[in-house]
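**Q** I have a structure here, written as structure tokens, and I will follow up with some questions on it.
Any read-out appearing in this document is the output of simple, stated calculations on the displayed coordinates, not a laboratory observation. Values in this document were obtained by computation on a predicted structure and should not be read as measured data. Cβ placement follows ideal geometry from the backbone for every residue including glycine, while neighbour counts extend to all protein chains displayed.
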Amino acid sequence: MCFHSIFPKKKHIGIKRISFILIFNCFLYSLEGQINQYEIDTIDIKSDLFYHSDHLGQINYDSSSLRNANKQSIDHFLSKQSLAFIKTYGAGSSSTISLRGGAATQTQVQWNDIPINNPMLGLNDLSLIPLNSFENITIVAGGQSATNGSGAVTGFINLKDDIKLNRGFKLNSNFNIGSFKKRSFASNFSYSNKKFGINVGTDLLSAENNFTYPINGVQKTQSHANIENKTLKINSRYWLSPNASLNAAVWFQKTFRQIPPTTTQNRSFSDQEDHINRYAISYLLNKGNWQFKSNMSLLDEENIFNDSLNLIHSNNQFVSIINKTNLEYNWRSDVDFHIGFMINNTTVNSKFYQEKITGTNLSTFFKFIHRTRNGFLSLAVNKAWDSHSDSPLTPQLNYIIDLSNENKIAFKVSHEYRLPTFNERFWTPGGDQELESEKGWNQEISFSSESDRYTFETVLFHRTINNWILWAIPENQFFYSATNLAKVQSYGIESKINLNWEFGQSKHILQSGYSYNISKNLENVSNPNIKKGDQIFYTPKHKLILNYHMKYRSWQFDWQSSFVSSTIGILDQLPSYFIADLSIQKSIAIDDIQTRFQLSVNNIFNKNYRIIERRPMPGINYEFKIAFQL
């Protein structure tokens with residue numbers, strides 16, 4: 001596999017867009033400021049599972065956590081390491097996220113603070129996001145529309161790049177072989193001096209996913225399930241002065257996937273290609289009590305679906321130009337003001353649209369923070385204007401009280417919204433340009449406690465969303481249409497606890513989490529058949545995770561397990577399942593080269609389970625990884 005094929009095609013970018021970015025770049029070079037106060041060291045997380053901060057439900061994963069994980073993509077990582085529910089169509093297939101009973105379209109995925117959800121679908125396929133090349137991944141559960149705009153009803157995921165001064169040369173590489181002819185290679189190279197830094201990450205993956213599974217008393221082998229993925233990410237940073245820095249980043253990715261037959265089919269002739277070309281340039285200035293940051297991004301993506309048996313060929317494309325600008329002012333020691341805007345111009349094209357569609361969205365926000373003697377109060381307000389939909393005024397109030405040095409309690413009330421996607425408005429047939437935005441209120445109460453030996457957090461949440469958009473078959477109609485049919489109420493509890501201790505030369509971490517989630521429809525829907533009070537599709541009421549980590553000298557042992565309760569699918573009831581993974585790692589240091597050998601056993605109890613009906617999941621399987629660090 002070579003990388004020249006994943007670079008963007010010139011015809012998608014356009015001279016006007018390139019000129020726009022170059023002009024913006026020249027403008028940034030003319031600015032001055034101070035940056036050194038904002039050099040933040042990598043977060044030292046004692047436990048990889050949960051990291052508490054002043055955000056309700058926030059989890060931070062640092063680069064060492066991500067690279068030590070025996071996972072290639074973020075969907076597998078989060079299914080084991082968080083209380084989020086990951087809905088996947090199987091090994092090598094697409095995956096989406098559900099936070100606190102919400103839809104995948106209600107969680108915003110960001111790359112360096114810029115939303116990268118597909119505007120046609122309103123979601124992001126997490127199976128396409130590699131782990132190795134990011135410096136930090138942050139997950140914030142709970143309503144965030146006031147500070148992040150449409151699509152953050154249940155929270156957001158932020159994929160962060162970062163480069164620090166004077167780190168010299170560093171290289172991290174790993175090779176992975178596994179069951180079902182899985183092969184992968186990932187490498188991350190970085191260099192920085194006192195003025196310039198660069199990070200280059202590559203990721204190659206191929207697998208046949210030809211596992212066997214039992215059905216109706218016989219063993220069946222999954223076929224037509226190959227996947228090939230090539231990713232190249234480059235991130236650079238240049239310090240214009242001690243006061244200012246300029247960042248530039250690109251993310252190129254090309255993925256080919258065969259779509260396997262369901263358990264009721266004998267064969268499939270479908271496949272899918274995803275071409276991703278993302279560009280970003282940002283400027284950061286800090287001068288006295290002011291901080292200014294502006295990020296300009298270009299997202300150029302294409303999804304191609306083929307079914308040779310049914311003679312279907314679908315090419316879906318979009319190009320988005322996004323500018324997000326923030327200004328923060330520290331008025332006095334106890335008061336901050338944040339103000340900013342984000343403007344998004346998107347053009348989409350598909351043969352299922354009557355014509356090429358262009359939409360523009362302008363979102364503005366204001367945030368006030370007041371630090372008190374025993375906590376802080378924040379008030380945020382967001383207002384957006386969209387060329388195709390109306391959006392409400394969106395406030396958020398957050399109050400955190402320090403009960404002691406170790407204990408905090410927090411209260412939050414927020415209004416949330418999501419604009420209809422391009423497909424929901426313009427797809428033919430079924431799109432409806434008169435759709436209203438999803439909107440409603442969210443409330444949370446959180447308590448947290450932490451010390452050197454433990455961290456604990458529990459969150460009670462409640463949310464009601466009106467105008468929930470569903471694809472359903474209305475009366476006197478024979479095809480699915482996007483409609484504001486549902487009203488959904490979600491409430492529950494999330495609790496997490498980490499314990500860490502030392503015994504002789506060994507270090508131990510025990511991580512556990514539990515979520516109870518009711519997410520029910522408050523109105524009857526005929527097709528699909530959803531009764532009033534029913535749990536919404538593919539939303540488990542219970543999820544439990546229990547992970548154990550032990551390190552003794554150069555040996556490392558990891559146990560990861562999760563229990564997911566039964567869910568209601570569109571076609572069938574899906575039973576509960578318990579999945580456990582085990583890995584053993586040995587580290588060897590020779591001069592400046594650190595080498596790790598890791599053997600992993602996934603689904604160690606060989607459970608037969610489904611996350612989506614008629615889509616089998618692999619039984620017990622093995623992986624062996626060799627990793628080098630210079």
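**Q** Calculated FRET efficiency, residue 608 and residue 177, Cβ-Cβ r, R0 25 Å, to nearest 0.05? Mind dumping the intermediate values first?
**A** Details: r = 25 Å, r/R0 = 0.98.
My answer for the efficiency is 0.55.
**Q** So, one more: At a 10 angstrom cut-off on C-beta neighbours, averaged per residue, how do the peptides 569-575, 396-402, 259-265 rank from highest to lowest? Don't skip to the end; give the middle numbers.
**A** Working: 569-575: 13.3, 396-402: 18.1, 259-265: 16.0.
Order by mean packing, descending: 396-402, 259-265, 569-575.
**Q** Quick check on the chain: helices-only [θ] at 222 nm, where DSSP H runs of length 4 and up contribute -39,500 (n - 2.57) each and the sum goes over total residues. Nearest 500, please.
**A** Details: 5 runs with 38 residues, N = 630.
Value at 222 nm, helices only, nearest 500: -1500 deg cm²/dmol.
**Q** Next question. Per residue, what volume in Å³ does the Cα convex hull of the range 4-629 take up? Write down the numbers at each step before the final one.
**A** Details: hull volume 96.5 nm³, N = 626.
Considering the Cα atoms of the range 4-629, their hull volume per residue is 154 Å³.
**Q** What full-extension length gain, to one decimal in nm, is calculated for residue 325 and residue 313 as 0.36 nm per residue of separation minus the Cα-Cα distance? Don't jump to the answer; show the numbers that get you there.
**A** Working: separation 12, 0.36 × 12 = 4.32 nm, distance 3.91 nm.
Extra length available between residue 325 and residue 313 comes to 0.4 nm.
**Q** Further question on the same structure: Taking only pairs that are 8 or more places apart or on different chains, how many Lys pairs in the range 174-299 have Cα atoms under 28 angstrom apart?
**A** 17
**Q** Could I ask something else about it? Using the Cα centre as the reference, give the magnitude of the dipole from point charges on the C-beta atoms of the chain (Lys, Arg: +1; Asp, Glu: -1; all else neutral), rounded to the nearest 20 debye.
**A** Numbers: 62 positive and 53 negative charges, 180 e Å.
Here the chain has a charge dipole of around 860 debye.
**Q** Mind ordering 140-146, 302-308 by average Cβ neighbours within 10 Å, highest first? Before the final figure, lay out the partial values.
**A** Details: 140-146: 27.4, 302-308: 15.7.
Final packing ranking: 140-146, 302-308.
**Q** What full-extension length gain, to one decimal in nm, is calculated for residue 385 and residue 262 as 0.36 nm per residue of separation minus the Cα-Cα distance? Before the final figure, lay out the partial values.
**A** Working: separation 123, 0.36 × 123 = 44.28 nm, distance 4.24 nm.
This chain segment gains 40.0 nm when fully extended.
**Q** Now, a different point. Report the FRET efficiency, 1/(1 + (r/R0)^6), for residue 594 and residue 557, where r is their Cβ-Cβ distance and R0 is 22 Å, rounded to 0.05. Walk me through the intermediate numbers first.
**A** Numbers: r = 18 Å, r/R0 = 0.83.
Between residue 594 and residue 557 the formula returns 0.75.
**Q** Tally Lys/Arg at +1 and Asp/Glu at -1 over every other residue whose Cβ is under 13 Å from the Cβ of residue 416; what's the total? All intermediate terms of the calculation are to be shown ahead of the outcome.
**A** On the way: positive: 100, 412, 418, 439, 463; negative: 438, 444.
Net local charge, residue 416 excluded: +3.
**Q** What percent do you get for the relative contact order of the chain when only Cα pairs under 8 Å and 6+ apart count? If you can, show how the numbers build up before the last one.
**A** On the way: 1757 pairs, mean separation 68.6, N = 630.
RCO, the chain: 11 percent.
**Q** Please give the net charge around residue 433, taking every other residue with its beta carbon less than 10 angstrom from that of residue 433, where Lys and Arg add +1 and Asp and Glu add -1. Can you show the working numbers first?
**A** Working: positive: 425; negative: 424, 432, 434.
Net of charged neighbours comes to -2.
**Q** Just name one of 493, 209, 626: the one whose Cα is farthest towards the positive end of the charge dipole of the chain (beta-carbon charges, Lys/Arg +1, Asp/Glu -1).
**A** Most positive-ward Cα: 626.
**Q** Can you tell me which lysines have their Cα less than 21 Å from the Cα of residue 532? Leave out same-chain residues fewer than eight positions away.
**A** 439, 487, 520, 541
**Q** Could you work out the percent of alpha carbon pairs in the range 92-225 separated by over 24 Å, rounded to a whole number?
**A** On the way: 4471 of 8911 pairs.
Considering the range 92-225, 50 percent of its Cα-Cα pairs are separated by more than 24 Å.
**Q** If you don't mind, another one. Let me see the pair-distance distribution of the range 479-573: every alpha carbon pair, 10 Å bin width, integer percents in order.
**A** Pair shares across the bins are 14, 31, 21, 16, 12, 6, 1.
**Q** Can you give me the pair-distance distribution of the range 227-295, C-alpha pairs, 5 Å bins, whole percents?
**A** 4, 13, 16, 12, 10, 9, 9, 7, 6, 5, 4, 3, 2, 0
**Q** Stretched out fully, how many nm does the piece from residue 522 to residue 433 gain, at 0.36 nm a residue minus the Cα gap? Provide the component values of the computation, followed by the final result.
**A** Details: separation 89, 0.36 × 89 = 32.04 nm, distance 2.44 nm.
Gain on stretching residue 522 to residue 433: 29.6 nm.
**Q** Just round it to a whole percent: the fraction of Cα-Cα distances in the range 536-630 exceeding 19 Å. Mind showing how you got there, number by number?
**A** Working: 2448 of 4465 pairs.
Percentage above 19 Å: 55.
**Q** Can you tell me which aspartates and glutamates have their Cα less than 17 Å from the Cα of residue 496? Leave out same-chain residues fewer than eight positions away.
**A** 48, 54, 406, 444, 450, 452, 457
**Q** So, one more: How do 212-223, 365-376, 473-484, 228-239 rank on mean C-beta neighbours within 10 Å, highest first?
**A** Working: 212-223: 11.8, 365-376: 15.2, 473-484: 13.4, 228-239: 20.2.
The peptides rank, most packed first, as 228-239, 365-376, 473-484, 212-223.
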